[in-house]
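Chemist: The structure's right below; bear with me while I get my questions together.
The values are calculated or read from the model by the stated rules, or taken from the named source; none is laboratory data. As the structure is a computational prediction, the values presented were derived from the model and not from experiment. When we count neighbours, we look across all protein chains shown, and the Cβ atoms used for this are built from the backbone with ideal geometry, even at glycine.
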Amino acid sequence: MSGERAIVAVIDDDQRVREALHGLLETVALDVELFVSVEDFLGASRSRAPDCIVLDVRLPGPSGLDFQAQLSKANVHTPIVFITGHGDIPMSVRAMKAGAIEFLTKPFRDQELLDAVRSGIERARARRAEQQVVAQLQQRFASLTTREREIVALLAVGRSNKQIAGQMDISEVTTRVHRRQAMQKMGARSLADLVRLVDKLALSQTKTPSV
């Protein structure tokens, strides 16, 4: 885990568990925030969101599973590691299907938790890196003229220069000029590269953001 220190939020109403997890997670250079309930977590002020949440299933107020559903509905996809002393198979299946990193039954081995948290942090960092790439692509696409965007869209669906020229009622020479300018602005080295970038932008519109 390189770069800035990752933040792990622990939500558990058992003080002994919170303190034990705090000590464990700090041994691997993680910043740890402790909360007794979902309301406690939601009411806290923070400079940035946690990279991973260690979440007890049974809590006063909303349960861990309810909170997971709440986050998903709000398009917040912070990785979650569930811990519980009262787990069952249907409960674990529900949590994993909803995207949980792991579902650990107390007592669990320290290494199991550390491995799960590490996986969650890596997932969060990968998502942020992907979001940064998409944001840069969106900026590049925004720099295109209206005509360049139209030509890029047609290139992406397999139209040739000749077909684009005919459809837009411009010359092939003009089409090639706009195509070259668009590729330079988008940072595309080839037509295949341009199509890949356009596909990435299109897919980003169907994905939910992470907080």
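Chemist: Give just the number: which of (1) charged (D, E, K, R); (2) within 24 Å of the chain's Cα centre (by Cα); (3) at pLDDT 95 or above does R179 not satisfy?
Modeler: All conditions pass for R179, except number (2).
Chemist: Can you tell me which of (1) buried (at least 19 other Cβ atoms within 10 Å of the Cβ); (2) at pLDDT below 95 is the one V134 doesn't meet?
Modeler: Status for V134: all satisfied but (1).
Chemist: Only one residue in A192, A182, A129, A116 is surrounded by 16 or more Cβ atoms within 10 Å (Cβ to Cβ) and either of a type in the set (K, R) or out of contact with any Lys or Arg (no Cβ under 9 Å at 6 or more places or on another chain) (or both). Which one?
Modeler: Checking each option against the conditions leaves just A116.
Chemist: Which one is modelled with the lowest pLDDT, of the residues in region 85-101 that are assigned to a loop (DSSP other than H, G, I, E, B), out of contact with any Ser or Thr (no Cβ under 6 Å at 6 or more places or on another chain) and of a type in the set (G, A, S)?
Modeler: That would be G85.
Chemist: For R58, only one of the following conditions fails: (1) of a type in the set (K, R); (2) out of contact with any helix residue (DSSP H, G or I) (no Cβ under 9 Å at 6 or more places or on another chain); (3) within 24 Å of G43 (Cα to Cα). What is its number?
Modeler: With respect to (1) of a type in the set (K, R); (2) out of contact with any helix residue (DSSP H, G or I) (no Cβ under 9 Å at 6 or more places or on another chain); (3) within 24 Å of G43 (Cα to Cα), R58 is out only on (2).
Chemist: Only one of these is under 14 Å from A95 (Cα atoms), buried (at least 20 other Cβ atoms within 10 Å of the Cβ) and assigned by TED's automatic domain parsing to the domain that holds Q15: V38, V57. Name it.
Modeler: So the residue among V38, V57 that is under 14 Å from A95 (Cα atoms), buried (at least 20 other Cβ atoms within 10 Å of the Cβ) and assigned by TED's automatic domain parsing to the domain that holds Q15 is V57.
Chemist: Something else about it: (1) loosely packed, with under 14 Cβ neighbours inside 10 Å; (2) closer than 21 Å to M183 by Cβ; (3) hydrophobic (A, V, I, L, M, F, W, C): which one isn't true of F141, the others all being true?
Modeler: In the conditions (1) loosely packed, with under 14 Cβ neighbours inside 10 Å; (2) closer than 21 Å to M183 by Cβ; (3) hydrophobic (A, V, I, L, M, F, W, C), F141 misses (1) alone.
Chemist: May I pose another question? Give A44, A20 a once-over and let me know the one that is part of a helix (DSSP H, G or I), farther than 17 Å from G120 by Cβ and more than 19 Å from the chain's Cα centre (by Cα).
Modeler: A20
Chemist: Look at region 99-146 and say how many of its residues are in contact with a helix residue (DSSP H, G or I) (Cβ under 6 Å, 6 or more places away or on another chain) and more than 30 Å from K73 (Cα to Cα).
Modeler: Of the residues in that region, 4 qualify.
Chemist: If a residue must be in a helix (DSSP H, G or I) and not acidic (D, E), how many such residues does region 23-41 contain?
Modeler: Residues flagged as in a helix (DSSP H, G or I) and not acidic (D, E) within region 23-41 amount to 5.
Chemist: For region 151-160, enumerate the residues that are surrounded by 15 or more Cβ atoms within 10 Å (Cβ to Cβ) and either at pLDDT 95 or above or of a type in the set (A, V, I, L, M, F, W, C) (or both).
Modeler: Listed by number, the residues that qualify are I151, V152, L154, L155, A156.
Chemist: Among the residues of region 66-84 satisfying the criterion of being of a type in the set (V, I, T) and in a strand (DSSP E or B), which is farthest from V10 (Cα to Cα)?
Modeler: Looking at the filtered set, the residue picked out is T84.
Chemist: Suppose we keep only residues that are of a type in the set (A, V, I, L, M, F, W, C), touching a helix residue (DSSP H, G or I) at 6+ places or on another chain (Cβ under 7 Å) and outside any strand (DSSP E or B) within region 1-17. Which one would you say is modelled with the highest pLDDT?
Modeler: A6
Chemist: Filter region 130-154 down to residues that are more than 16 Å from L201 (Cβ to Cβ) and of a type outside the set (V, I, T), then give me how many there are.
Modeler: Within region 130-154, residues that are more than 16 Å from L201 (Cβ to Cβ) and of a type outside the set (V, I, T) number 1.
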